[in-house]
Amino acid sequence: MSPKDASYQLLKANYDSLDRFLNQTLIGPKLAPLQRKREQLGEKLYLYHTTVIATHSEQFEQDADAFDRLIAHARQAQAVIDEAEETIEHVAKIGDAIDKVLAQLAKVI
């Protein structure tokens, strides 16, 4: 699997897991920032997907290190989301992990 395919699948898994976590959790003021992060991740995921298609990945193939970092951040975020899916106490950790994914994704797009 190419880095761009792996990164997209990991980012999509992050979004789906975060979406599932928020849908299963009572939504209150504490989760509002995480809801905004979910929306940001969804928007960036769409932009990432359309950018990859539009550029036919020529630009992305040049920076394999950025892909490696993006994949690492996405995997870390997924691990945190999976760990925290049943408990609300890890919301800050999820937010931090998603922030790292969004920051690295901004560097790739």
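So which residues in region 50-63 are loosely packed, with under 14 Cβ neighbours inside 10 Å and modelled with pLDDT of 70 or more, if there are any at all?
Our first condition is that a residue be loosely packed, with under 14 Cβ neighbours inside 10 Å; within region 50-63, this holds for 50, 53-56, 58-59, 61-62.
If the condition is that a residue be loosely packed, with under 14 Cβ neighbours inside 10 Å and modelled with pLDDT of 70 or more, then T50 is the only one that fits.
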Task: Positions within region 76-99 being at pLDDT 85 or above and either farther than 15 Å from N14 by Cβ or surrounded by fewer than 18 Cβ atoms within 10 Å (Cβ to Cβ) (or both), in sequence order - done: Q76, D99
Task: Close pairs (7 angstrom Cβ cut-off, 6 or more residues apart or separate chains): under 18 Å from R69 (Cβ atoms) and surrounded by 14 or more Cβ atoms within 10 Å (Cβ to Cβ) in region 1-30, among the polar types (S, T, N, Q) and modelled with pLDDT of 80 or more anywhere - done: L10/Q78; A13/Q78; N14/Q78
Open item on the list: Considering only residues that are at pLDDT below 75 and either assigned to a helix (DSSP H, G or I) or within 23 Å of R75 (Cβ to Cβ) (or both), which ones fall in region 23-49?
Closed with: Q24, T25, P29, K30, L31
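The values are calculated or read from the model by the stated rules, or taken from the named source; none is laboratory data. The structure displayed is predicted, hence computed values, not measured ones. For neighbour counting, all protein chains shown are included, and Cβ atoms are generated from backbone atoms with ideal geometry for every residue, glycine included.
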